[in-house]
Amino acid sequence: MPSDPMTHSASTLIDTRGRPLRDLRVSVTDRCNFRCTYCMPKEVFGKDFQFLEREQLLSFGEIHRLVRIFRDHGVEKVRLTGGEPLVRRKLERLIEMLAYHEDLDLTLTTNGSLLRQKAADLKAAGLKRVTVSLDSLDNDTFTRMNDVDFPVSKVLEGIEEADRVGLRPVKINMVVKRGVNDDSVVEMARFFKGTGHIVRFIEFMDVGSTNGWQMEHVVPSRELVEKIRAEFPIEPVDANYRGEVAERWRYLDGSGEVGFISSVTQAFCKDCTRTRLSAEGQLFTCLFATRGTDLRALLRADASDEEISAAIAKVWSARADRYSEIRTAETAKLRKVEMSYIGG
Ligand code: SF4
């Protein structure tokens, strides 16, 4: 019998650096309808790329069972990711199952391409919030970043619809790449200032092994802070909770806030409480991991909840990840798991 959603008691897992397991990111598909150059470059993820077959994917029932077990280990937040999660059919069904756990912070990251059509159903199914990736307001620059011909206006309509149905606050993630979209950072801040939506500027990261990452393409967040501050006075504010990824800055005129996710220049591993599950049930303890632990094999070998729970506890308790603290030009070349496979 699933644990009672209202009176959930958990024995929190702690890793070797004293970090509790709080945040589970679940990739529901490795497929996407965009080809963002920093995540899923077209040259690699082309028409001949072998994506996961349906039977390789965890079923919604399997995902729900794992989430129940993770909750018993202290997970309070589940973020659904991909690839692009909204290309997985009937995703609302999974959200309904997970929303049974009313105190679970259930959110989703999307490229926004299908959000206008799906926002109301996602909300009705029990989703609490959404984060939308939007790397520019200019169509040409947007296309240079996502390598597909998709109008910015449709993503903006999706953001407005998400807000209208109550999936708020809507967070907007902008990956900043020098020489591509860094000159539109202030414009992005201005566009969403005073709307209640929160823009987060993300340093270009050496995720996976296919995005051609180079340090010179990274725009350090402190540079962006100065760019924005020159236009709109801002000041830093405290994190909402331990492990919050974005460093928060608020507009002094009270019109909202922006965030900076600075994995390259200001590592935040010491408070990292996140783990990631791939669409085929591989568990990863770091975005820059090189290998995972196969939970699907346990599920499909009829392992008991206790056995699966013990496997998760063993993985997290031994965790020592701190990739961003030890990143070098050499580590950047490691064969790391692709972000499109485990979600950002
Ligand atoms: S690099 Fe790994 S350990 Fe560090 S914050 Fe990112 S996911 Fe967490």
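If the condition is being farther than 23 Å from Ser59 by Cα and in contact (Cβ under 8 Å) with a residue 12 or more places away in the chain, then the stretch 298-330 contributes Trp316, Ser317, Ala318, Arg319, Ala320, Asp321, Arg322, Tyr323, Ser324, Glu325, Arg327, Ala329.
Please indicate, with yes or no, whether at least one residue in the stretch 123-134 is among the charged types (D, E, K, R) and either part of a loop (DSSP other than H, G, I, E, B) or free of Cβ contacts under 8 Å to residues at least 24 places away in the same chain (or both). Yes, the stretch 123-134 has at least one match.
Would you say Thr110 is modelled with pLDDT of 95 or more and open to solvent by less than 30 Å² (accessible area, probe 1.4 Å)? Considered against the rule, which asks whether it is modelled with pLDDT of 95 or more and open to solvent by less than 30 Å² (accessible area, probe 1.4 Å), Thr110 comes out as yes. Does Asp294 fit the bill of being on the phi > 0 side of the Ramachandran plot, modelled with pLDDT of 95 or more and either within 13 Å of the ligand (Cβ to nearest atom) or acidic (Asp, Glu) (or both)? So Asp294 does not fit the description; no.
For Val186, state whether it is over 21 Å from Ala332 (Cβ atoms), assigned to a helix (DSSP H, G or I) and not charged (D, E, K, R). Yes: the conditions hold for Val186.
Give the stretch 68-93 a look and list any residue that's of a type outside the set (A, V, I, L, M, F, W, C), open to solvent by less than 10 Å² (accessible area, probe 1.4 Å) and under 18 Å from the mean Cα position of the chain (by Cα), or say none.
Thr81, Gly82, Glu84, Pro85, listed by residue number.
A single entry from Val185, Val264 fulfils the requirement of being touching a residue at least 40 places away in the same chain (Cβ under 8 Å), buried (at least 18 other Cβ atoms within 10 Å of the Cβ) and within 14 Å of the ligand (Cβ to nearest atom): Val264. Here's a check for you: in the stretch 306-337, which residue that is away from the ligand (no atom under 14 Å from the Cβ) and either open to solvent by less than 50 Å² (accessible area, probe 1.4 Å) or under 21 Å from the mean Cα position of the chain (by Cα) (or both) is modelled with the lowest pLDDT? So, considering only residues that are away from the ligand (no atom under 14 Å from the Cβ) and either open to solvent by less than 50 Å² (accessible area, probe 1.4 Å) or under 21 Å from the mean Cα position of the chain (by Cα) (or both), the one modelled with the lowest pLDDT is Arg335. Screening the candidates Lys193, Lys270, Lys227, Lys171 for the property of being in contact with a Lys or Arg (Cβ under 9 Å, 6 or more places away or on another chain) and more than 20 Å from Phe288 (Cβ to Cβ) yields one hit, Lys171.
The residue pairs whose first member lies in the stretch 192-216 and is under 15 Å from Ser133 (Cα atoms), whose second member is of a type in the set (Ser, Thr, Tyr) and open to solvent by 10 Å² or more (accessible area, probe 1.4 Å), and whose beta carbons are closer than 6 Å, counting only pairs six or more residues apart or on different chains, are Phe204/Tyr38. Of the residues making up the stretch 272-279, none is more than 15 Å from the ligand (Cβ to nearest atom) and open to solvent by 30 Å² or more (accessible area, probe 1.4 Å).
With respect to the conditions (1) without any contact (Cβ under 8 Å) to a residue 60 or more places away in the chain; (2) within 16 Å of the ligand (Cβ to nearest atom); (3) on the phi > 0 side of the Ramachandran plot, Gly343 lacks only one, and its number is (1).
Looking at the stretch 200-214 only, could you name the residues that are surrounded by 15 or more Cβ atoms within 10 Å (Cβ to Cβ) and out of contact with any Lys or Arg (no Cβ under 8 Å at 6 or more places or on another chain)? Of everything in the stretch 200-214, those that are surrounded by 15 or more Cβ atoms within 10 Å (Cβ to Cβ) and out of contact with any Lys or Arg (no Cβ under 8 Å at 6 or more places or on another chain) turn out to be Phe201, Ile202, Glu203, Met205, Thr210, Asn211, Trp213.
Screening Leu252 with (1) closer than 30 Å to Phe191 by Cα; (2) of a type outside the set (Asp, Glu); (3) within 14 Å of the ligand (Cβ to nearest atom) gives one miss only, at (3). In the stretch 151-164, the residues that are among the β-branched types (Val, Ile, Thr) form Cβ pairs under 6 Å with partners that are open to solvent by 50 Å² or more (accessible area, probe 1.4 Å), at six or more places apart or across chains, as follows: Val152/Asn139.
The values are calculated or read from the model by the stated rules, or taken from the named source; none is laboratory data. From a predicted model like this one, the values you see are computed outputs, not experimental measurements. Methodologically, a virtual Cβ is constructed for each residue, glycine included, from the backbone with ideal geometry; neighbour enumeration extends over all protein chains shown. Ligands, DNA and RNA are excluded from the accessible area calculation, which covers all protein heavy atoms including side chains. Shrake-Rupley method; radii C 1.70, N 1.55, O 1.52, S 1.80 Å.
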